[in-house]
Amino acid sequence: MNVPTARAAGACKVTATGPASTVVYRDLTYNLAINKEKGAPQDISVTLDSNLTLVNESIPVDAAKGPVTGFDWNASTNTVVLHIAADIDVAQVGFSARPTNTNIADSATTYTSKVTGCGDPSTVVSHVTGDMDYTVSKKGETYPGGDNRTVKYSFNVATKNPNEDTKTFTSWKQQLTDVIPAGVKVTPSPDYNGGKWSSTTNADGSQTWTWTHEGAYGPSWDKLDNSAAGNNIYLTVFYEDKAKFQVGSKPPLNTVKLDTTSKTGADKGSAEASWQSPEITDGTKTTQVSINKYTDGGDPVTINSGEKWSSGTTNHVDASYINTNDDAKLSTMTVQDSNDLHENKDFYLHNNVYRMTIGFNDLLKQGAFPYTFEYTTNANPQWQSYDTQGKTTADDLNITPVEKGSDSGYNWNEFTRIDLERGDFITGWRVVVTPPAGSGIVSGSEIKANFLTVASFRQVNDKNTVGLPVDNTDGAPKITTTNTAQVLGSTDHQTPKDLSAEDAEKVIIRDAVPIMTTVSSPKAITMANGTGNADFGACIANLDPSGVAYKNSKLQVVLPEGIQLDPTKTITPKSGTNAENIAAPEIGKGVTVDSSQFVNNGKQQVVTLTFDELQSLRSPGTAWDGSFCYTIPTTVLPQAFIAAGGQAVDTKSWAWTQDSSTDGLNMTQTWDNRVKDDTFGLSGDRYPNKQIAADTGNGNITAAGGLYMGKQVRATDSEPWSTSTGVKSPSTPDWQVNVLNAFTFDLDDVTIFDRLPYKGDDRGTQFDVVLNGAVTGLPSGATVEYSTDATAVDTGTWTTNPAQATAFRVKTAKLASFANFTLLLPTSVPSGLPFGQHAFNNTQGTAVYDNNGTLSPVSFNSNIAEIHTTSTGAFSVTKSVSGDGAGLVPADQVFSGTYSYPAGDGFAAGEGVW
C-alpha cells in the first residue's frame, strides 16, 4: 500500500512508491518521484523498516550528471540519505532494500519505510507473502531374525523447495502426530534437539503420540534431523496383542502427520507419510548371518550416466547376526564389498563412490566395540586402513573420498575425508568389528553401510571403453552392473562356527549427457539517466565421470527483456580454476559468441557461447567439480524498467550439446532440478524428452531519471531489435525509440529530437544515414516534422516531407504519468561502403512540468545504438580450355589452383586453394 504525500506548500515534494506485496527473501524496490527547486541541492532521507537493510549497489549514482550524486548510509538509524544534484529539479530515483528478518517473517509481517527531507513525510507499506511447504518422511525397521512384531519407526522433516527461489517461511513449530492402534506397546526416542514425545490414550485403546519441536527450521537443504543416519526421532512399537496381530498378518498401514507453524502462527502447513510393517512371523530357529543389498531406487535400479547422488544411487548393505538357538555370540563380524568378488570389479569401474556411512544398530552401539575400516583403490588393490583409532561402534562412521589438496566438497555434516591421488577411486571396502575378549556380538546386532555413487556408462578410468555388453533396445544404450556384498562371522562356541552370506543387486546405467549450468544475476540492476550496465555470470560444466568431451556444446543465456549484450565490451572468463585445473577457454580460442537470436516474440536476447570441445571437469575420486564461467556485460535499456513493472526479473541459462555422439540421448539431472523443459525451444528436437540443463537467477531493476528513452535497431523487419546489428551496403535498417514517462506526474510540451548519424559526427560515425520514409508510432495528437539541415531541435528548416531527411522532431502536448510510446524510423544506408564501417545514433528529449505552480524544463537522452557494415567483397575464378587441343581434355577433368589478395579497407590479406 502506498500513501503519497500531499502537495507541500514549499518548493520540494517527493512521492514514494513500493511493492504492495513482496515474496519473503526477495529484495524490495522503492521508487521516488522528486520535484524540487532547481539550483538548490537536496538531501532526501529514507528510513527503512527495522527489518530491512540497504542494497548499496542498487543506488544509481552518477556523480557528474545526477540525479543522485551520492548517498550516505547510517546503519544505526537504518537511514539512507540521497544527495540530489543542484541543477536537477525533477527526477525519478529507485533503489532496493533487502530483508534481514527472513527467519521470523510470515504473512503477518509488513515493512514500513518512511521518506523525509522533501515536503511532507510519506510512508510505503509492503506485505510479505510465502508458503509453508514442508514434507515428512517415515520408514520402518524390523528386528533382524525376529518375528516382525517389534518395529522402529523413524521420522524426519524436510523442506520441499530448498533452492534459491524458495518462497517457504521458516517454521517455528514442527509437530508429528502418529496414532498407534490398541494392543501395541510403544517406546519413544529420547529428546532430540529440543523436541520430545508426549502421548494420550484414546477411548478405543489406541494411542496418539505427538512429537513437538518448538524452534526454527528451514527452508534448508538439511533435514530437521541432520545427522548422517537421520534416525534420532523414532517410536519403537511392539505389536504384543497376538490375538489381534496374528502370525501371517500385516499390521495396519500407519500414517504420520506433520504440522508446521510460522513465527506468529499466521501461516500453517501440513503433510503426511505412511509405512506398513511387514508380515508377522513365528520367528525362526537358526544361527546365521544375513545380508540385504538394495538401492533407494529399487533392485534393479535404472539411472543415467553422471546422475545426481540422490537419484536412487544410494547403495544399502544391511548385515546382521541372528541366533535363536542358543546364547552364542560372534567373536568377529566382517561386512565387505570387495573388488575381487564376482562382478564387483566391473561395478566399481562404472559406479564411482562419493561418500559413505557405516552405521551400527542399538545393540552394537551399546557394546561400543572397536572396529577397523579398510578400502582399495584402482591404484592400490591391497587393503588400506582408514584411521579408526579410538573409534567404536557407539558412533557411526561418515567418510568421503577427496582428491589430495582439495579444500571443498567433503564438508558434509559429520563427514571426514579419505585423501586420494588425482584420478584414483574406491574399488572396494570392508568393516571388521572385533569385540575384546570376554564380550561378543549378540544376536540381533546389525551393521548398516550406505554408500553413494555416481554412475558412468563408460569406465571411469577410460572414456573410450564401455567394457560390458550394451543393450540398445528400448531407447538409449544401457549396461548392467552387478554388486555383491558379503557378511562373515565366527561364533564363540567351543568349536567356532564360521558363518557367511552374500547378496547382490543390479544397477542398470543408461547413457546420457551430464552437462549442467548455473547463472547469476546482479541482485541490483541499476539504470541512471535512461541507461545502465550490468554484468551477469554464466557457467557450464561437463560432468561426465569417464572424462568424455563433447564437441559443439552450447551455453545460452536468455537475458531479461530490455537487457542486451553490450557490443562495446567483451565476454570474459571468470578467474579461478576448477577441480581439473583447466582454464575456461577465452572467446575466439575454443569458444565463439553469437547474440543474433531472440525469443519471446523478439523481446529477449539469447547470448550463445559455442564450445569447440567441452572438456569433462569431473575427476574420479573428487567430491566436487568446477565449471567454465564467464562474465557477460550488458546494457540496460528503459524497456527493462517498463517490462519489470517494479518486480524482480529472471535471467535464465541453458546448456546442451550438438555432439553427434549424443544423438538420441537425454540429458542427466546432475543435481536437483538442473534439467528442465526447453521452454524456448533452443535445442529444437534434439533431445527425446525435450529437456536440457537450465538455471535461473533474478534481480531487481532500479533507475534514476524520469523520461526514459531506449534506442534500438534492426537490419530488416524480420530480425529482432538490438542495440547493435550488422547491415549490408546498401540496405534499409529500421530504428526505434521507446519513450516512457516514469514520473508520477504528467509532462507537458514533450519534444523528441533525433539527428541521424552522419560521417564525422561526435559519436564516431563513419557514413551518413538518412530517412527513407515517415516516422510512425506517434502518440495520439502528436506531430512530426523533418529537416535536411537541422543540427539541433530549434535550427534548420522543418517540413512534413521525410524524403532524405537527416533529422526529425516529434511534439506532443502531454505525456501522462507512466505512459509510453514507440517511434519507428525507416532509414537508408548508402551503397559502396567497405566492410566494418560504423554509424551511431541516439535521441534527445525535452519537456516541461508543473513545479509547484511554475513550468520548469527538463531534458533527457537515450542510449546509443549502432550499426556496422557486414558486406564483404567477392570474386570468382573461371578456368576454361580452348584451342585445337580442347577436345582432348575430358569433360569431367578437375582443375585446381591457388589464390591470394592483399589487405584492403576493413579486411586482412588472404589466400587459399580452389
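Out of all the residues in the stretch 41-72, which are among the small types (Gly, Ala, Ser), at pLDDT 85 or above and more than 17 Å from THR112 (Cα to Cα)? If the condition is that a residue be among the small types (Gly, Ala, Ser), at pLDDT 85 or above and more than 17 Å from THR112 (Cα to Cα), then SER58, GLY70 are the ones that fit. Any chance you could count how many residues in the stretch 59-87 are surrounded by fewer than 24 Cβ atoms within 10 Å (Cβ to Cβ) and either in contact with a Lys or Arg (Cβ under 9 Å, 6 or more places away or on another chain) or among the polar types (S, T, N, Q) (or both)? Result for the stretch 59-87: 9.
Scanning the stretch 515-551 for residues that are more than 23 Å from the chain's Cα centre (by Cα) and of a type outside the set (A, V, I, L, M), we see that the one that is surrounded by the fewest Cβ atoms within 10 Å (Cβ to Cβ) is LYS551. Would you confirm whether or not the stretch 851-859 contains a residue that is under 46 Å from the mean Cα position of the chain (by Cα) and buried (at least 16 other Cβ atoms within 10 Å of the Cβ)? Checking the stretch 851-859: at least one residue is under 46 Å from the mean Cα position of the chain (by Cα) and buried (at least 16 other Cβ atoms within 10 Å of the Cβ).
In the stretch 35-46, the residues that are in contact (Cβ under 8 Å) with a residue 60 or more places away in the chain and outside any strand (DSSP E or B) reach residues that are among the charged types (D, E, K, R) and buried (at least 17 other Cβ atoms within 10 Å of the Cβ) with C-beta atoms within less than 7 angstrom, at least six apart or across chains, in these pairs: LYS36/ASP89; GLU37/ASP89; LYS38/ASP89.
The rows are residues; the columns are (1) at pLDDT 85 or above; (2) among the polar types (S, T, N, Q).
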position	(1), (2)
ALA549	yes, no
GLY576	no, no
ALA583	no, no
VAL593	yes, no
THR608	yes, yes
LEU614	yes, no
THR631	yes, yes
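Pick from the stretch 375-401 the residues that are of a type in the set (A, V, I, L, M) and within 34 Å of the chain's Cα centre (by Cα): which of them is modelled with the highest pLDDT? Here the answer is LEU397.
Looking across the stretch 348-374 at every residue that is of a type in the set (Phe, Trp, Tyr) and within 32 Å of the chain's Cα centre (by Cα), the one that is modelled with the lowest pLDDT is identified as TYR354. Look through the stretch 378-397, keep the residues that are in contact (Cβ under 8 Å) with a residue 24 or more places away in the chain and in a strand (DSSP E or B), and return whichever of them is surrounded by the most Cβ atoms within 10 Å (Cβ to Cβ). That would be LEU397.
Residues in the stretch 774-793 that are within 24 Å of ALA819 (Cβ to Cβ) and in a loop (DSSP other than H, G, I, E, B): ALA774, VAL775, GLY777, LEU778, PRO779, SER780, GLY781, ALA782, VAL793.
Here is a yes/no grid of residues against (1) in a loop (DSSP other than H, G, I, E, B); (2) within 20 Å of GLU719 (Cβ to Cβ); (3) among the polar types (S, T, N, Q):
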position: THR795; (1), (2), (3): yes, no, yes
position: ALA813; (1), (2), (3): no, no, no
position: PHE821; (1), (2), (3): no, no, no
position: PRO826; (1), (2), (3): no, yes, no
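Just one of THR716, THR668, THR723, THR702 is crowded, with 21+ Cβ neighbours inside 10 Å, more than 30 Å from LEU28 (Cα to Cα) and under 36 Å from the mean Cα position of the chain (by Cα); which is it? Going through THR716, THR668, THR723, THR702 in turn, the sole match is THR668. Of the residues making up the stretch 140-167, those that are more than 31 Å from the chain's Cα centre (by Cα) and of a type in the set (D, E, K, R) number 4. Could we say that SER817 is small (Gly, Ala, Ser), touching a Gly at 6+ places or on another chain (Cβ under 7 Å) and under 24 Å from GLY645 (Cβ atoms) here? When the stated conditions are applied, SER817 does not pass them. Among strands (runs of 3 or more DSSP E) entirely within the stretch 613-693, having at least 3 residues that are in contact (Cβ under 8 Å) with a residue 24 or more places away in the chain and touching a Gly at 6+ places or on another chain (Cβ under 8 Å) singles out 628-636, 649-657.
Is the stretch 252-265 home to any residue that is surrounded by 18 or more Cβ atoms within 10 Å (Cβ to Cβ) and either under 30 Å from HIS350 (Cβ atoms) or without any contact (Cβ under 8 Å) to a residue 12 or more places away in the chain (or both)? No - not one qualifying residue is present in the stretch 252-265.
The values are calculated or read from the model by the stated rules, or taken from the named source; none is laboratory data. Note that the structure is predicted; figures quoted are calculated from it, not measured. Every residue, glycine as well, gets a Cβ built from its backbone with ideal geometry; the counts of neighbours run over all protein chains shown.
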